[in-house]
Amino acid sequence: MSENISSKVLFHFTTSMVYLKSILKNGFFPHYCPEYRLDPDDKAEASKGCRPLHAAPLVSFCDLPLSLIRNHLKEYGNYGIGLKKNWGLRNGVTPVMYTHYRARTRRPILRLTASAKGRGDKRAANDLDLLAAYTKPFRGAAWRENRRKKLEGEVRFYDEREWRYVPVVREDEPLFLNRDHYTRPNITKALHRRFRKEYALPIHPDDIQYLIVPNDGHILALHKYLKRLYTPKDAVLVTTAIMTIDCIHEDV
(Lines give C-alpha, C1' and ligand atoms only; values in the text may rest on other atoms or scores of the structure.)
Protein backbone atom coordinates (compact mmCIF):
# COMPACT_ATOMS: atom_id res chain seq x y z
CA MET A 1 0.00 0.00 0.00
CA SER A 2 1.41 3.40 -0.93
CA GLU A 3 2.05 5.96 1.82
CA ASN A 4 -0.31 8.93 1.75
CA ILE A 5 1.31 12.35 1.48
CA SER A 6 -1.93 14.15 2.29
CA SER A 7 -4.39 13.63 5.09
CA LYS A 8 -8.11 13.54 5.76
CA VAL A 9 -7.33 16.01 8.54
CA LEU A 10 -6.25 19.65 8.62
CA PHE A 11 -3.87 20.39 11.49
CA HIS A 12 -3.29 23.68 13.26
CA PHE A 13 -0.50 24.00 15.83
CA THR A 14 0.05 26.56 18.54
CA THR A 15 2.48 27.22 21.38
CA SER A 16 0.43 26.89 24.56
CA MET A 17 -2.51 25.17 26.22
CA VAL A 18 -4.10 28.61 26.68
CA TYR A 19 -4.27 29.10 22.91
CA LEU A 20 -5.55 25.57 22.33
CA LYS A 21 -8.35 26.07 24.86
CA SER A 22 -9.27 29.38 23.22
CA ILE A 23 -9.57 27.67 19.84
CA LEU A 24 -11.83 24.99 21.30
CA LYS A 25 -14.05 27.59 22.92
CA ASN A 26 -14.09 30.37 20.32
CA GLY A 27 -13.04 28.71 17.08
CA PHE A 28 -10.52 30.30 14.71
CA PHE A 29 -10.35 33.88 13.58
CA PRO A 30 -7.79 35.55 11.29
CA HIS A 31 -4.67 37.21 12.66
CA TYR A 32 -2.24 39.37 10.72
CA CYS A 33 0.72 37.29 9.60
CA PRO A 34 3.82 39.03 8.17
CA GLU A 35 5.31 37.17 5.22
CA TYR A 36 7.98 37.84 2.64
CA ARG A 37 6.52 37.98 -0.83
CA LEU A 38 8.30 37.62 -4.18
CA ASP A 39 8.70 41.38 -4.57
CA PRO A 40 12.33 42.51 -4.93
CA ASP A 41 11.82 44.94 -2.05
CA ASP A 42 10.77 42.11 0.27
CA LYS A 43 13.75 40.05 -0.86
CA ALA A 44 16.01 42.95 0.11
CA GLU A 45 14.34 43.25 3.51
CA ALA A 46 14.77 39.53 4.13
CA SER A 47 18.46 39.70 3.28
CA LYS A 48 18.86 42.40 5.97
CA GLY A 49 16.85 40.44 8.54
CA CYS A 50 14.11 43.08 8.58
CA ARG A 51 10.42 42.39 9.00
CA PRO A 52 8.35 41.71 5.87
CA LEU A 53 6.81 44.76 4.25
CA HIS A 54 3.22 43.46 4.43
CA ALA A 55 0.95 41.22 6.47
CA ALA A 56 -2.39 39.60 5.63
CA PRO A 57 -5.07 38.29 8.02
CA LEU A 58 -5.25 34.51 7.90
CA VAL A 59 -5.45 31.19 9.73
CA SER A 60 -3.00 28.48 8.66
CA PHE A 61 -3.44 24.72 8.56
CA CYS A 62 -1.32 21.89 7.17
CA ASP A 63 -2.46 18.91 5.16
CA LEU A 64 -0.01 16.30 6.45
CA PRO A 65 -0.49 12.80 7.87
CA LEU A 66 0.58 12.20 11.46
CA SER A 67 3.71 10.42 10.28
CA LEU A 68 4.99 13.65 8.67
CA ILE A 69 4.18 16.32 11.26
CA ARG A 70 7.31 16.08 13.42
CA ASN A 71 9.09 19.00 11.75
CA HIS A 72 5.88 21.01 11.83
CA LEU A 73 5.68 20.54 15.60
CA LYS A 74 9.20 21.89 16.04
CA GLU A 75 8.38 24.95 13.96
CA TYR A 76 4.89 25.93 15.11
CA GLY A 77 4.28 24.51 18.59
CA ASN A 78 3.55 21.38 20.60
CA TYR A 79 -0.20 21.89 20.98
CA GLY A 80 -2.42 21.06 18.06
CA ILE A 81 -5.88 20.37 16.79
CA GLY A 82 -6.71 18.17 13.83
CA LEU A 83 -10.04 18.87 12.13
CA LYS A 84 -11.80 16.72 9.58
CA LYS A 85 -11.09 18.03 6.10
CA ASN A 86 -14.81 18.32 5.39
CA TRP A 87 -14.91 21.00 8.10
CA GLY A 88 -12.33 22.98 6.16
CA LEU A 89 -14.14 22.55 2.85
CA ARG A 90 -17.42 23.73 4.39
CA ASN A 91 -15.73 26.85 5.73
CA GLY A 92 -13.79 27.83 2.62
CA VAL A 93 -10.36 26.80 3.88
CA THR A 94 -8.25 26.53 0.74
CA PRO A 95 -4.87 25.12 -0.32
CA VAL A 96 -2.29 27.82 -0.98
CA MET A 97 -0.75 28.22 -4.43
CA TYR A 98 3.02 27.81 -4.37
CA THR A 99 5.08 29.78 -6.84
CA HIS A 100 8.61 31.01 -7.55
CA TYR A 101 10.42 33.87 -9.27
CA ARG A 102 10.38 32.26 -12.72
CA ALA A 103 6.90 30.75 -12.53
CA ARG A 104 4.91 31.15 -15.76
CA THR A 105 1.90 32.33 -13.73
CA ARG A 106 3.71 35.21 -12.04
CA ARG A 107 3.96 37.74 -14.86
CA PRO A 108 0.28 37.52 -15.88
CA ILE A 109 -0.76 38.18 -12.28
CA LEU A 110 1.62 41.14 -12.03
CA ARG A 111 0.21 42.57 -15.28
CA LEU A 112 -3.38 42.10 -14.09
CA THR A 113 -2.57 43.79 -10.78
CA ALA A 114 -0.95 46.78 -12.47
CA SER A 115 -3.87 47.04 -14.94
CA ALA A 116 -6.49 46.95 -12.18
CA LYS A 117 -4.73 49.65 -10.18
CA GLY A 118 -4.21 51.76 -13.29
CA ARG A 119 -7.95 51.63 -14.12
CA GLY A 120 -8.95 52.31 -10.53
CA ASP A 121 -10.86 49.01 -10.52
CA LYS A 122 -11.20 48.41 -6.78
CA ARG A 123 -13.06 45.14 -7.11
CA ALA A 124 -10.42 43.61 -9.40
CA ALA A 125 -7.61 44.95 -7.20
CA ASN A 126 -9.23 43.44 -4.09
CA ASP A 127 -9.73 40.11 -5.88
CA LEU A 128 -6.06 40.05 -6.84
CA ASP A 129 -5.03 40.91 -3.27
CA LEU A 130 -7.07 37.95 -2.05
CA LEU A 131 -5.35 35.75 -4.62
CA ALA A 132 -1.99 37.07 -3.39
CA ALA A 133 -2.91 36.17 0.19
CA TYR A 134 -3.40 32.57 -0.94
CA THR A 135 -0.04 32.54 -2.75
CA LYS A 136 3.26 31.56 -1.17
CA PRO A 137 6.83 31.09 -2.41
CA PHE A 138 7.92 27.51 -3.06
CA ARG A 139 10.88 28.29 -0.83
CA GLY A 140 12.45 31.36 0.71
CA ALA A 141 12.98 33.35 3.86
CA ALA A 142 10.54 33.00 6.74
CA TRP A 143 9.79 35.58 9.41
CA ARG A 144 9.18 34.33 12.92
CA GLU A 145 8.46 36.60 15.84
CA ASN A 146 11.42 36.33 18.26
CA ARG A 147 13.57 34.56 15.66
CA ARG A 148 14.55 35.15 12.05
CA LYS A 149 15.42 33.07 9.02
CA LYS A 150 17.01 35.48 6.63
CA LEU A 151 18.55 33.47 3.84
CA GLU A 152 16.44 32.73 0.78
CA GLY A 153 16.06 29.02 0.26
CA GLU A 154 16.37 28.20 3.94
CA VAL A 155 12.71 27.16 4.27
CA ARG A 156 10.95 24.96 1.72
CA PHE A 157 7.34 26.00 2.29
CA TYR A 158 6.09 23.50 -0.26
CA ASP A 159 6.73 20.71 2.26
CA GLU A 160 4.15 22.22 4.63
CA ARG A 161 1.20 21.57 2.30
CA GLU A 162 -0.49 24.63 3.73
CA TRP A 163 -4.19 25.44 3.60
CA ARG A 164 -5.50 28.86 4.61
CA TYR A 165 -8.55 30.77 5.60
CA VAL A 166 -8.41 34.44 4.55
CA PRO A 167 -11.46 36.68 5.10
CA VAL A 168 -13.10 38.50 2.21
CA VAL A 169 -12.92 42.03 3.59
CA ARG A 170 -15.05 44.99 2.55
CA GLU A 171 -14.19 46.65 -0.74
CA ASP A 172 -13.40 49.95 0.99
CA GLU A 173 -10.61 48.51 3.14
CA PRO A 174 -7.25 46.95 2.26
CA LEU A 175 -6.62 43.26 2.86
CA PHE A 176 -2.88 43.71 3.43
CA LEU A 177 -1.42 46.03 6.04
CA ASN A 178 1.96 47.58 5.43
CA ARG A 179 4.72 47.28 8.00
CA ASP A 180 4.06 50.71 9.54
CA HIS A 181 0.51 49.58 10.35
CA TYR A 182 0.76 45.87 11.24
CA THR A 183 3.50 46.63 13.81
CA ARG A 184 1.16 48.94 15.73
CA PRO A 185 -0.75 46.92 18.36
CA ASN A 186 -3.55 49.49 18.59
CA ILE A 187 -4.34 48.94 14.90
CA THR A 188 -4.04 45.15 14.79
CA LYS A 189 -5.89 44.60 18.08
CA ALA A 190 -8.88 46.59 16.86
CA LEU A 191 -8.95 44.66 13.59
CA HIS A 192 -8.54 41.31 15.35
CA ARG A 193 -11.51 42.11 17.58
CA ARG A 194 -13.63 42.76 14.49
CA PHE A 195 -12.37 39.62 12.76
CA ARG A 196 -13.26 37.61 15.83
CA LYS A 197 -16.80 38.94 15.63
CA GLU A 198 -17.33 38.81 11.86
CA TYR A 199 -15.08 36.06 10.50
CA ALA A 200 -14.76 33.40 13.19
CA LEU A 201 -14.77 29.72 12.17
CA PRO A 202 -16.68 27.77 14.85
CA ILE A 203 -15.72 24.22 15.76
CA HIS A 204 -18.21 21.52 16.72
CA PRO A 205 -17.01 18.51 18.75
CA ASP A 206 -17.87 16.24 15.80
CA ASP A 207 -15.33 18.15 13.67
CA ILE A 208 -12.39 17.25 15.92
CA GLN A 209 -10.27 14.28 14.88
CA TYR A 210 -7.19 14.91 17.05
CA LEU A 211 -6.09 17.04 19.96
CA ILE A 212 -2.32 17.01 20.46
CA VAL A 213 -0.51 17.88 23.70
CA PRO A 214 3.17 17.44 24.64
CA ASN A 215 2.85 14.55 27.12
CA ASP A 216 0.57 12.63 29.48
CA GLY A 217 0.78 15.35 32.11
CA HIS A 218 -1.40 17.62 29.97
CA ILE A 219 -4.19 15.14 29.29
CA LEU A 220 -5.98 15.45 32.65
CA ALA A 221 -5.99 19.27 32.54
CA LEU A 222 -7.41 19.25 29.02
CA HIS A 223 -10.02 16.63 29.95
CA LYS A 224 -11.22 18.80 32.86
CA TYR A 225 -11.55 21.75 30.51
CA LEU A 226 -13.51 19.71 27.98
CA LYS A 227 -15.98 18.67 30.69
CA ARG A 228 -16.66 22.33 31.45
CA LEU A 229 -16.92 23.29 27.80
CA TYR A 230 -19.09 20.51 26.37
CA THR A 231 -21.96 18.23 27.25
CA PRO A 232 -20.88 14.99 29.00
CA LYS A 233 -21.32 13.01 25.78
CA ASP A 234 -19.31 15.48 23.68
CA ALA A 235 -16.61 15.77 26.36
CA VAL A 236 -16.08 12.01 26.25
CA LEU A 237 -16.04 12.07 22.43
CA VAL A 238 -13.39 14.78 22.25
CA THR A 239 -11.31 13.31 25.07
CA THR A 240 -10.84 10.15 22.99
CA ALA A 241 -9.22 12.36 20.33
CA ILE A 242 -6.35 13.41 22.63
CA MET A 243 -2.90 12.10 21.83
CA THR A 244 0.57 13.12 22.95
CA ILE A 245 3.65 14.10 21.01
CA ASP A 246 5.51 11.38 22.93
CA CYS A 247 3.07 8.85 21.44
CA ILE A 248 3.52 10.29 17.94
CA HIS A 249 7.29 10.00 18.19
CA GLU A 250 7.13 6.46 19.51
CA ASP A 251 4.34 4.91 17.48
CA VAL A 252 3.90 6.79 14.20
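Brief remarks follow.
- Qualifying positions in region 73-83 - of a type outside the set (G, A, S) and either on the phi > 0 side of the Ramachandran plot or crowded, with 18+ Cβ neighbours inside 10 Å (or both): L73, Y76, N78, Y79, I81, L83
- Every listed requirement among (1) polar (S, T, N, Q); (2) closer than 22 Å to P95 by Cα; (3) in contact with a His (Cβ under 9 Å, 6 or more places away or on another chain) is met by Q209 save one, (3).
- Annotation note: Cβ proximity below 8 Å between a residue of region 36-51 that is more than 19 Å from Y98 (Cα to Cα) and a residue that is of a type in the set (V, I, T) (sequence gap 6+ or interchain) occurs for R51/T183.
- Matching option when the condition is in a helix (DSSP H, G or I), modelled with pLDDT under 95 and either over 26 Å from N215 (Cβ atoms) or in contact with a helix residue (DSSP H, G or I) (Cβ under 7 Å, 6 or more places away or on another chain) (or both), among E3, E75, E45: E45
- Matching entry among S60, S16, S22 (being free of Cβ contacts under 8 Å to residues at least 40 places away in the same chain, hydroxyl-bearing (S, T, Y) and over 13 Å from G82 (Cβ atoms)): S22
- One residue from L211, L226, L237 being surrounded by 15 or more Cβ atoms within 10 Å (Cβ to Cβ), assigned to a helix (DSSP H, G or I) and touching a residue at least 40 places away in the same chain (Cβ under 8 Å): L226
- Only one of L38, L64 that is crowded, with 17+ Cβ neighbours inside 10 Å, within 15 Å of the chain's Cα centre (by Cα) and assigned to a loop (DSSP other than H, G, I, E, B): L64
- Residue ranges of helices (runs of 4 or more DSSP H) in region 109-205 with at least 1 members touching a residue at least 40 places away in the same chain (Cβ under 8 Å) and among the aliphatic types (A, V, I, L, M): 122-133, 185-198
The values are calculated or read from the model by the stated rules, or taken from the named source; none is laboratory data. As the structure is a prediction and not an experimental result, all values here were calculated from the model. All Cβ positions, even for glycine, are placed from backbone atoms using ideal geometry, and neighbour counts span all protein chains on display.
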